[in-house]
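These notes concern the structure reproduced below.
The values are calculated or read from the model by the stated rules, or taken from the named source; none is laboratory data. Predicted model only: the values in this text are computed from it and were never measured. Ideal geometry is used to build each Cβ from the backbone, glycine not excepted, and the neighbour counts take in all protein chains shown.
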Amino acid sequence: MSYKFKTLLFIPVYNCEKTVIKGLTKFFYRKNEYFFDQVLFIDNQSNDKTILKIKDFIKKIKLKNKKTSFKIFRNKKNYNYGGSNKIAFNYAYNKKFDYLFISSGDHQGFISDLVNIFKKEINKNKSFFGVRFHKKAKFKKYSKKRIWANIIINKLFSYSTKIKVNDLGCGQTILNCKYLKDKFYLNFPDGLYFTYYLTLYHILNDKFKIKFVDIRWKHSEGDSSVIPFKHIFEIIKLFLSVLFLKKIFFNKGDKKKISYYNYINIKI
């Protein structure tokens, strides 16, 4: 089936040489090889062989796939997870992509789950957010403590927003690029909580049409980058901000201009 819109798959990577290729290999060799017009990797100063692994994958897949183009950006500084997202969002809009698919370099989520639902419910006014803790979602080797912690977080923010929050921080997302024009994301923090802000921003703004989609999820083979006590503190702070400030808190992020985030276009 051919599509009349441009799709970009964005994968932020950082020290994930062991996992970055697994999910992509399965996806591209299961009748999905021509779905994305471009795949963009943004490396946030990895000090392992992540980029070399990506290059090797691209060389192999290009022998089979003549349609999809690939790019690798390497951040000049460590801009954290949110900073890499800001670069990708700006790139997607400037290059006139219609939809931006966001996956993860640690292969915790399955991008194919989002692609499958997207193919069935194509709507140019809709964005899709992955849900790990849906009744129909499937898990592989995922900690019960993490599951329950996230369920509690979702209930807290459902209370503060007065809207059901199915999953605040999954990160597996499809965004309609036309809404990236006003660069709302530049006010979000550069840290791991960027995804929380992105989800809440869409929930609390009537102009967005969104759909939560249950997906498969598994425990990452890499080490967790979340510091427990800091994570709890940030969640409480964000919860109180949403509860008492509502939409105002979206303007309390890093507020850096997009020109702050510089990168090198790696030759493939």
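List the strands (runs of 3 or more DSSP E) that sit entirely inside the stretch 1-115 and contain at least 1 residues that are touching a strand residue (DSSP E or B) at 6+ places or on another chain (Cβ under 8 Å) and farther than 17 Å from GLN172 by Cα.
Correct list: 38-43, 69-75.
Might you check whether a residue that is under 15 Å from THR195 (Cα atoms) and either without any contact (Cβ under 8 Å) to a residue 12 or more places away in the chain or among the hydroxyl-bearing types (Ser, Thr, Tyr) (or both) occurs anywhere in the stretch 62-74? No, the stretch 62-74 has no match at all. For the stretch 251-262, the set of residues classified as surrounded by 14 or more Cβ atoms within 10 Å (Cβ to Cβ), touching a helix residue (DSSP H, G or I) at 6+ places or on another chain (Cβ under 6 Å) and at pLDDT below 90 consists of GLY253 only. Per the conditions (1) touching a strand residue (DSSP E or B) at 6+ places or on another chain (Cβ under 7 Å); (2) over 24 Å from LEU24 (Cβ atoms); (3) in contact (Cβ under 8 Å) with a residue 60 or more places away in the chain, the sole criterion not satisfied by LEU175 is (2). Of all residues in the stretch 177-201, those satisfying the criterion of being farther than 20 Å from LYS237 by Cβ and either outside any helix (DSSP H, G or I) or not hydrophobic (A, V, I, L, M, F, W, C) (or both) are LYS178, TYR179, LYS181, ASP182, LYS183. Could you tell me whether the stretch 162-176 includes any residue that is part of a helix (DSSP H, G or I) and surrounded by 16 or more Cβ atoms within 10 Å (Cβ to Cβ)? Among the residues of the stretch 162-176, not one is part of a helix (DSSP H, G or I) and surrounded by 16 or more Cβ atoms within 10 Å (Cβ to Cβ), which makes the answer no. Across the stretch 122-152, the number of residues qualifying as of a type in the set (Phe, Trp, Tyr), out of contact with any helix residue (DSSP H, G or I) (no Cβ under 8 Å at 6 or more places or on another chain) and modelled with pLDDT under 70 comes to 1.
For the stretch 51-65, the candidate set comprises residues that are of a type outside the set (Lys, Arg), over 13 Å from LEU24 (Cα atoms) and surrounded by fewer than 17 Cβ atoms within 10 Å (Cβ to Cβ); within that set, the residue that is farthest from the chain's Cα centre (by Cα) is LEU63. The residue that is nearest to the chain's Cα centre (by Cα), among those in the stretch 88-127 that are closer than 19 Å to ARG74 by Cα and of a type in the set (S, T, N, Q), is SER103.
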